[in-house]
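First the structure, in the form of structure tokens, and then the observations on it.
The values are calculated or read from the model by the stated rules, or taken from the named source; none is laboratory data. Quantities reported herein were computed from a predicted structural model and do not represent experimental measurements. Cβ: placed from backbone, ideal geometry, glycine included. Neighbour counts: every protein chain shown. These accessible areas exclude ligands, DNA and RNA; they are computed on the full protein's heavy atoms, side chains included. Shrake-Rupley method; radii C 1.70, N 1.55, O 1.52, S 1.80 Å.
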Amino acid sequence: EVPLQNDRILSEPLYARAWLALARMAYIRVDFDGAEECASKALAQHKGLAAAYRVRSQARFWRAEAAVAPAEALRLRRLSLEDAEEAIRLGEPAYAARGNARWRRGDRDGALEDFARALEVEPLDALTRNHRGVLWVERNDLPAALRDFDQALEIAPGFGSAWANRAQARVLAGD
């Protein structure tokens, strides 16, 4: 019997998947500290677990968004980008995670490329469509932004951020 109490998970690749499952549960609960910790423990057990890099990248991205200290936000954004790149290198389609990291680091062109690749893999990802729409607004390409917001709302009609972002794009477009 394997105890699944945090630090007591044994050191084998199978148990790394247990840490990954805990990381995903923490992420879903919006416990980004816990998600990062569990994903790191999964990677300590099995360095080739690409999905753990993806989860850790996403957790670090959201931790950076909430960071009060600018230096900590920069550090977390750098780490988020490194994790996303490693996940992609290992075959995990972590393009949305890398796109978010690139966007927050100021690489808007790279972010747009990654969001396009993410949407090729997961065309029904309303969050990525919304993020790309915001990038289009930042680039003042309002028709492209409105297309993305409209598609995000077709996929997820209750997505409040997409409604707000579309309204802002319409105001900027003079609608």
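The computed Cα extents along the principal axes in Å for the structure shown corresponds, within (1) 103, 29, 21; (2) 56, 32, 31; (3) 63, 34, 28, to (3).
Measuring with a 1.4 Å probe in the full set of protein chains, what accessible area per residue, in whole Å², belongs to the chain? All intermediate terms of the calculation are to be shown ahead of the outcome.
Values: 9290 Å² over 175 residues.
Roughly 53 Å² per residue, with all protein chains present.
As a rough guide to protection, the peptides 28-34, 84-90, 59-65, 97-103 ranked by mean Cβ packing within 10 Å, highest first, stand as 97-103, 59-65, 84-90, 28-34. Farthest toward the positive end of the dipole of the chain, out of Ala116, Ala64, Ala173, is the Cα of Ala64, where the dipole comes from beta carbon charges about the Cα centre. Run the accessible area of the stretch 1-139 with a 1.4 Å probe and give the carbon-and-sulfur part as a rounded percent. Percent of accessible area from carbon and sulfur atoms in the stretch 1-139: 51. Its relative contact order, with pairs defined as Cα atoms under 8 Å and 6+ residues apart, puts the chain at 12 percent.
Length gain on complete extension for the stretch Arg89 to Arg75, per 0.36 nm per residue less the alpha carbon to alpha carbon distance? Could the numbers behind the result be given before it?
On the way: separation 14, 0.36 × 14 = 5.04 nm, distance 2.12 nm.
This chain segment gains 2.9 nm when fully extended.
Rounded to the nearest 10 degrees, the angle from helix 160-173 to the longest Cα principal axis of the chain is 30 degrees.
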